[in-house]
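Structure, as structure tokens:
The values are calculated or read from the model by the stated rules, or taken from the named source; none is laboratory data. Here the structure is a predicted model, which is why all the values come from computation and not from measurement. Positions of Cβ are generated from backbone atoms using ideal geometry, with glycine treated the same way; all protein chains shown enter the neighbour counts. Surface accessibility is based on the protein's heavy atoms, side chains included, excluding ligands, DNA and RNA. Shrake-Rupley method; radii C 1.70, N 1.55, O 1.52, S 1.80 Å.
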Amino acid sequence: MYNHLFLLLFFSGALGATATTFTHAQEYPNRPIRFIVPFPASGGGDIIIRALSQRLTERLGQAVVVDNRSGAGGNVGTEAVARAAPDGYTLLMANISPMAINVSVYKKLPFNPLTDFTPITLVASFPNLLVVHPSLPARSPKELVALARAQPGQLTYGYSGAGSITHLSAEFFKARSGIELLPVPYKGGGQALIDLIAGHVSMYFSSLPGALPHVRSQRLRALAVTTLARSSAMPETPALAESGFPGFDAATWIGAAAPAGLARPIVERLNKEIVDIMRASDMRERLVSQGAEPQTNSPEQFAAYIKSEIVKWAKIVRDSNIAAQ
């Protein structure tokens, strides 16, 4: 009798919890949502997330507000999401650096990319673009290497955080070409671009969406993209892989994630909405024109992708001997 009573209470409680979760998911969202971008405004990922947030606002019926929280190579904003309540009202622009690279760069991270988050979907990927100030007498990667060899240690490159994709791209370029460059750190890609346009640094491996408007306005000169193939947004710009650096491949990706423990119905709702938005023809055309490629998948596929990227970049970080100060 007592066993039967215990089982009845147990299943009643379980069903009650399930019903409560389902009810909350049905009501979601009933207040504004924060989409935390762990880098300053105007970077490539920030541009895409702002476009996505605008569409999410329309589809969800609640404001989706972008909240830039930069610092420590993306760790500050990423940690803020890891520590937030798993209720669907705090989302993360999951970026390649804090989610896949920093675990190999920092001795201790304040979060675990594999256990402290609920992956929702990959959102987009884009090449990095090697850009220089127009006053620099180099119009190709070969000319840049020759200039650096003629002026050892005098040319500078900006990067957004130790171990960021912009940092690793530059270090990989240095190692492959055997040149000396002086690193200049920034808190985010937007600040690095501003200083490059002002002529304070010589070059920067920018996200393509962030740099493209400045290339088109001729405030910056593009030398090469960092993916194996050329970008459809800049077909006239060669890939480093075809410019004397075979196999050079360093793309940036961003996705959407939430704190660990987010209810499955909310995960599925957000995944469906984001996937539908990113697959819409007008959104795809908009992103492709800016140098990005919409890429979406299931929560499980995104989780597996993050895991594979951690393994991939661990080797590159180790070979480049990069560590956060």
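Summary table
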{"item": "Relative contact order, percent, the stretch 23-134 [alpha-carbon distance under 8 Å, six or more residues apart]", "result": "28 percent"}
{"item": "Relative contact order (%) - the chain, alpha-carbon pairs under 8 angstrom, separation at least six", "result": "26 percent"}
{"item": "Farthest positive-ward along the chain dipole, Cα basis, beta-carbon charges - from Q62, P137, A198", "result": "P137"}
{"item": "Compactness of the stretch 29-75 - radius of gyration and Dmax, Cα, Å", "result": "11.2, 34"}
{"item": "The stretch 210-275-the stretch 104-171 distance, computed between alpha-carbon centres (Å)", "result": "13 Å"}
{"item": "Residues of type lysines that K315 reaches as a straight line, Cα spacing below 23 Å, ignoring anything fewer than 8 places off in the same chain", "result": "K107, K108, K174, K307"}
{"item": "Zero-based 10 Å bins, Cα pair distances in the stretch 57-159, whole percents", "result": "11, 32, 23, 20, 12, 2"}
{"item": "Carbon/sulfur fraction of accessible area - the stretch 165-236, other protein chains in place, 1.4 Å, %", "result": "55 percent"}
{"item": "Within the chain, longest stretch free of exposed GluC sites (Glu not before Pro) [DSSP loop, at most 14 other beta carbons within 10 Å]", "result": "1-179"}
{"item": "Square roots of five times the Cα gyration tensor eigenvalues for the stretch 126-179, Å", "result": "19, 13, 11"}
{"item": "The stretch 150-261, relative contact order in percent, only Cα pairs under 8 angstrom and at least six apart counted", "result": "22 percent"}
{"item": "Percent of C-alpha pairs per 5 Å bin, the stretch 240-315, short to long", "result": "3, 12, 18, 19, 18, 16, 9, 4, 2, 1"}
{"item": "Accessible area per residue, Å², the stretch 130-212 with all protein chains present, probe 1.4 Å", "result": "37 Å²"}
{"item": "Scattering curve values for the stretch 123-227, log₁₀ I(q)/I(0), Debye with Cα scatterers, q = 0.17 Å⁻¹", "result": "-0.69"}
{"item": "Most mobile listed residue (P209, P137, P98) in the chain, GNM with C-alpha springs under 10 Å", "result": "P137"}
